[in-house]
Each structure stands twice: as C-alpha cells, then as structure tokens.
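Colleague: Sending over a structure as structure tokens; questions will come in a sec.
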Amino acid sequence: MRDVIEIKNDIEFIKALKQRGGETLKKCYQCATCSVVCDLSPTENAFPRKEMIWASWGLKDELLSDPDIWLCHGCMECSEKCPRGARPADLLSAIRDYVYKNFAVPKFMGTALGSPKYLPILLLLPIILISILVLITQNWDLNNLFPVVNGPFRYKDFIAHGPIEGLFIAGNILIFAFTFWGYKRYWNNLKCKLNRPRVRNFWQATWQVIIELLLHKKFKQCTTNSTRFIGHLFIFYGFIGAVIATGIVVINILNIFGQILPEEMNLPIRMLAGFDINNPNEVREFFGLFVKLFGILSGFLIVIGSLMCILRRYNMPPEKGGSNYSDMLFLWVVWGVAFTGLLCVMFRLMHTATLGYPTYFIHLILVYFLLWYMPYSKFAHMVYRFLGLIFLKMYGREERKANSFVLN
Ligand code: SF4
Ligand code: SF4
C-alpha cells in the first residue's frame, strides 16, 4: 500500500502572502525558469521554484523554517524571466516580511508595522515622548516649545542631552531584549532541508558571512540590477559610518573615557589652517572635526543610497514586480533620518534656529521610530538574513558553481 502524505495547507497564510505582494503566486506552473536563471540558487534543491510550490499550497511551516529565502538578494531576474508573470522575487520578499512579523515579540507590533492604518498611532508615541523631553528642557513652558534664538544656537538648549540619552538607553535595552527573543525563536525554527551534517561550526560560518556581507559578494553576483547593488552598498556603509560617528559622540557626551572631543566641533577652516600636532587641545578638536565630517559623509551615503532604492522601486513596471508597504516605509524612514540629520547640521552652521529646532524635532522622531520599531520593520531583516546565511553556511549550502542544478 502506498504511503499517504497529509498536507496541512494554511489558507490564511496564503492570503497573508498575497497581501504582502505575492498576489500572483498562483500563476506559477512550475516550469523552473526562475531557478535556472537565478545566479544565487544552489545546485541542489534549487530555489525559488520550490518556494513557489510551497507557497501556493500554503505550507507555512516549510517556508518559515526555510533558510533559503535569505539567499535571495532581490535582483528580480527571476520575475523578469518568469513566463507566467508569477513574480517569484516578490513572493520571496513577502515570505521574508512574514517571517520577521511572525517571530516578532510582541506579535501585535509586527501586525502594526505591516499596515498603513496603524502608522499614525506608531508615529504618535515618539511625538509625545520627544515633546515631553522638549518641555522638560524648557521647564514646561508651553509657549516655548520651539524657542526663538537669534545667532548661534545649540540643540542641547532645545532638548537637554540627559533626558535624550536616558530615553535612548532605556528604550534600546528593552528593544534589544525583544529583538534577541525574536531572533532566538527564529534560529530554533530553522531547518536544513538537505539530509547532511554540519560542515562548519557557528563561529567559522559567522566569520565567512561577515566577510561576504562586507564585500557585498552576493549582491555583486546579481548582475542584472546595478542600481540596487550600489544603493544597498551606500546604505550599508553609510549606516555603519553613522553608527560609528554617533557611538563616538555618545561616548564623549557620557564622558566614559574622559572628554575625548571638544564640546563645540564647528572649527573647520581654522583647524586645517594652523593645526599644531603638539597641542592636545588642537588634536582633540581635529579629531572632533574628523568625526563630524565622517558622520556627514555617512549621512550623504544613506540619503543617496535610499533615494536610489526608492526610485528604483517606483520605476519598476507593475508586471515585473512591486514593493510592499513595509519595504517602502523602511526606506522612507531611513532616508528621512539621514536627510533631516544633514539639514540639522546645515541649519546650525547657518545659525538658523527657527528652522534647526523643528528639523531636529522631526529628526529625533524618525530616529526613535527607526530604532524602537526595529524588530518589527524591514530593519530587522539585516539580522534575520545574517542568521539565515550563517545557518546555510554551517550546512555548506552554497550557490552553484556551474550551470547545473537539481530540482526537488
Ligand atoms: S515562478 Fe514562473 S518561472 Fe518560476 S516555476 Fe513558476 S512559472 Fe516558472
Ligand atoms: S530575485 Fe534574484 S536572487 Fe532572488 S530568487 Fe530571483 S533571481 Fe534569485
């Protein structure tokens, strides 16, 4: 007697994938063109055809434990070549979106970040908290929410550093605890679909993945979409640069190693003209200027990179693929954080507090929006992808070397 295999298909899961941009998944007739054209698909058990089959059957457990979804870097080649217009690249993007919403803790936050109807409420929280910080600094003087200042001004006279840092540190501890919880649940859920033992330990795999991410190796292999490669590269390195520059400034403000930077860092021309390396104060000022320029450069990279990615998505013909709400929200927030950050620097150099203070207010709202909702937004994909790629490396799952593959 033949074995009977029971398939548990989840209709709600299919609906959720369709809402996230995978609405064409049922068009797939499993020709495997997508798996053949994908440069990143491994020889064995190629993707994304098998994910198309699992998705159309509603096999939620298979897909949520499938690390292969992180091998895809969204070049769209498969969607362009699909003879049925089933848009496998969008389906993979929808699955990834579902993954970080599904494993998020608490789960309702994942739902909130996935729908535009919750956006006003999500914005309201940082608006209220930042307004309270302004009022604390201004001694609860409601008439002085945006104080009028003529001439040079400092942002800490608008919002004091202490409350900002208190909120930043407390919020981040909480968010990182939730984030770690979500990642751990995901890691425990991952399964190697190939019947083979591990070929590397966790640390060896981690090191290899870090090198690949720094070199953007997999993005480079997607030769069809250079705009996306460059845009992502700019955001990636701009973000690393911004984290380093912000970290140095926060360390300085908290005085962890003694004051390493001067309080004021607006001395560009004088510093470069008469710099004395034997004078410790000038060395500090020069280092301060260097950190500031480094931060500005990082901001520019993020602004340009995110704009490239946004325009690419808007210019994509609908039949080739779309963008889901989460992706666009994330890109706009990232762009907004970097753009308002650069404007804040510019308004301060121009001594324009009337524009500087409101811009700083918006900047802080966007910064907190990005950080506090990190585990539930597209931001989280950075770490989910990192974990997925480590897992795959541990089992020796690599992209194919020659143009051959095995379908399952
Ligand atoms: S998604 Fe398109 S290319 Fe891939 S198997 Fe289905 S019909 Fe073929
Ligand atoms: S989008 Fe690119 S990387 Fe992803 S499955 Fe399609 S061809 Fe492969």
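The values are calculated or read from the model by the stated rules, or taken from the named source; none is laboratory data. Note that this is a predicted model, so its numbers are computed, not measured. When we count neighbours, we look across all protein chains shown, and the Cβ atoms used for this are built from the backbone with ideal geometry, even at glycine.
Colleague: Out of Met382, Met346, report the one residue that is over 22 Å from Phe176 (Cβ atoms), of a type outside the set (Asp, Glu), in a helix (DSSP H, G or I) and free of Cβ contacts under 8 Å to residues at least 24 places away in the same chain. So that I can check it myself, show each step before the final result.
Modeller: Working: Met382 fails: over 22 Å from Phe176 (Cβ atoms).
One residue alone meets the criteria, Met346.
Colleague: Does Asp68 fit the bill of being closer than 26 Å to His232 by Cβ, assigned by TED's automatic domain parsing to the domain that holds Pro88 and buried (at least 20 other Cβ atoms within 10 Å of the Cβ)? Break it down stepwise before answering.
Modeller: Numbers: closer than 26 Å to His232 by Cβ: yes; assigned by TED's automatic domain parsing to the domain that holds Pro88: yes; buried (at least 20 other Cβ atoms within 10 Å of the Cβ): yes.
Against the criterion (closer than 26 Å to His232 by Cβ, assigned by TED's automatic domain parsing to the domain that holds Pro88 and buried (at least 20 other Cβ atoms within 10 Å of the Cβ)), Asp68 qualifies.
Listed here are the residues, each with its yes/no results for (1) within 16 Å of ligand 2 (Cβ to nearest atom); (2) modelled with pLDDT under 85; (3) of a type outside the set (Phe, Trp, Tyr); (4) in the same structural domain as Ala353 (by TED's automatic domain parsing).
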site	(1), (2), (3), (4)
Glu77	yes, no, yes, no
Arg84	yes, no, yes, no
Asp97	yes, no, yes, no
Pro116	no, no, yes, yes
Leu133	no, no, yes, yes
Asp141	no, yes, yes, yes
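Colleague: Look at Phe290 and say whether it is assigned to a loop (DSSP other than H, G, I, E, B), more than 17 Å from the chain's Cα centre (by Cα), of a type in the set (Phe, Trp, Tyr) and at pLDDT below 80. Reasoning before the result, please.
Modeller: Numbers: assigned to a loop (DSSP other than H, G, I, E, B): no; more than 17 Å from the chain's Cα centre (by Cα): yes; of a type in the set (Phe, Trp, Tyr): yes; at pLDDT below 80: yes.
No.
Colleague: Residues that are closer than 17 Å to Ala89 by Cβ and within 16 Å of ligand 1 (Cβ to nearest atom): does region 9-20 have at least one?
Modeller: Yes, region 9-20 has at least one match.
Colleague: If you don't mind, there's one more thing I want to ask. Looking at region 146-198 only, could you name the residues that are β-branched (Val, Ile, Thr) and surrounded by 13 or more Cβ atoms within 10 Å (Cβ to Cβ)? Spell out how you get there, then give the answer.
Modeller: Just the residues of region 146-198 that are β-branched (Val, Ile, Thr), to begin with: 148-149, 159, 164, 169, 173, 175, 179.
If the condition is that a residue be β-branched (Val, Ile, Thr) and surrounded by 13 or more Cβ atoms within 10 Å (Cβ to Cβ), then Val149, Ile159, Ile164, Ile175, Thr179 are the ones that fit.
Colleague: Would you be able to say whether some residue in region 9-20 is at pLDDT 90 or above, crowded, with 19+ Cβ neighbours inside 10 Å, assigned to a loop (DSSP other than H, G, I, E, B) and not assigned by TED's automatic domain parsing to the domain that holds Cys192?
Modeller: No.
Colleague: Looking at region 199-240, which of the residues that are at pLDDT 85 or above and assigned to a loop (DSSP other than H, G, I, E, B) is surrounded by the most Cβ atoms within 10 Å (Cβ to Cβ)?
Modeller: Once the filter is applied, the top-ranked residue is Arg200.
Colleague: While we're here: Name, by its number, the condition in (1) of a type outside the set (A, V, I, L, M, F, W, C); (2) surrounded by 16 or more Cβ atoms within 10 Å (Cβ to Cβ); (3) away from ligand 2 (no atom under 13 Å from the Cβ) that does not hold for Pro48.
Modeller: (3)
Colleague: If you take just the helices (runs of 4 or more DSSP H) that sit entirely in region 70-164, which of them hold at least 2 residues that are in contact (Cβ under 8 Å) with a residue 12 or more places away in the chain, within 16 Å of ligand 1 (Cβ to nearest atom) and more than 18 Å from the chain's Cα centre (by Cα)? Steps first, answer last, please.
Modeller: Numbers: elements: 77-81, 88-102, 107-113, 119-137.
It comes to 77-81, 88-102.
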